[in-house]
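The values are calculated or read from the model by the stated rules, or taken from the named source; none is laboratory data. Bear in mind that the values here come from a model prediction, so they are computed numbers and not experimental data. Quick reminder, even Gly has a Cβ in these numbers, built from the backbone with ideal geometry, and neighbours come from all protein chains shown.
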Amino acid sequence: MTLPKDDNERKVLVIDDDEGDCCLVEDILSEEGFHVVKAVGGEMGIRILSEEEFPVVITDLRMPDVDGLAVIDFVRKRRMESLIVVITGFASVNSVIEALRLGAYDYILKPFGADLLKFTVQRAFDYIALRDEKDRLKFFEVITQLASTTAHEVFQPLTVLMGETKGILRTSDDASVREMAEHILEEARKIRDIIRKMDNLNGYVIKTFPGGHSIIDIEKGSSGRTNIE
């Protein structure tokens, strides 16, 4: 599923030594709501990339100053997450293979149709959305493991605390002591409820809402009960 992107996230950098080709790509992609930044030549493209990272970069492969392979090399050496689509008017299999080997995401041969360009760029953004979602879930899995470990570490002393507090309530006639014990027991029960959720975070589910927005629901993971009363 394609997640909704705002204008800032749907930015595309187009690098080509032919300004007319840059404008053509801009016109086509602008129809689909993409915000296009143009760079006439590889040198200008690298200068722009030095100041700002783009989700998708479209670059001509053959340029007189700095070619597309150098652009790919620049992006990869700086560990940018940009997906690079190369465009070439030369049906050179070797150059395309070299671009893909260096880390290009996809390629388009000139002359190309508007539909092919739109499809390729949209597919790149779909891939980015999927990649980001996987990274988010992987991060959440680390958090759930940490939460579960913490819950188990807190469980034992909390059990002792609640047991001792109940013992005080059974044996003490002092009103102030009983009031304090009841307060401690109430707070301990709140902590117990938190532990129940923490210990069952691995049962989370992802809820998707209209518009493509999604949230992680941990309530599903808190249906199990730790035996602390």
Residue match in the range 13-24 (condition: over 23 Å from I128 (Cα atoms), assigned to a loop (DSSP other than H, G, I, E, B), at pLDDT 90 or above and touching a helix residue (DSSP H, G or I) at 6+ places or on another chain (Cβ under 8 Å))
yes
Filtering the range 43-81 for residues that are closer than 20 Å to L109 by Cα and polar (S, T, N, Q) leaves a count of 1
Across the range 68-121, the tally of residues that are under 15 Å from V57 (Cβ atoms) and not acidic (D, E) stands at 30
* Taking T59, is it free of Cβ contacts under 8 Å to residues at least 60 places away in the same chain, within 25 Å of the chain's Cα centre (by Cα) and not assigned by TED's automatic domain parsing to the domain that holds D18? -> no
Of those in the range 113-128 that are closer than 16 Å to L24 by Cα and in a helix (DSSP H, G or I), the residue nearest to the chain's Cα centre (by Cα) is V121
**Study point:** Test: L3 is surrounded by fewer than 19 Cβ atoms within 10 Å (Cβ to Cβ) and either part of a helix (DSSP H, G or I) or modelled with pLDDT under 95 (or both)
**Key:** yes
Within the range 33-57, residues being farther than 14 Å from E19 by Cβ, in a strand (DSSP E or B) and hydrophobic (A, V, I, L, M, F, W, C) number 2
Among the residues of the range 15-34, is any more than 15 Å from T120 (Cα to Cα), of a type in the set (A, V, I, L, M) and touching a residue at least 12 places away in the same chain (Cβ under 8 Å)? yes
**Q.** Hey, D65 of a type outside the set (A, V, I, L, M), touching a residue at least 24 places away in the same chain (Cβ under 8 Å) and assigned to a helix (DSSP H, G or I) or not
**A.** no
Scanning the range 77-112 for residues that are of a type in the set (G, A, S), crowded, with 17+ Cβ neighbours inside 10 Å and more than 23 Å from the chain's Cα centre (by Cα) gives S95, A99
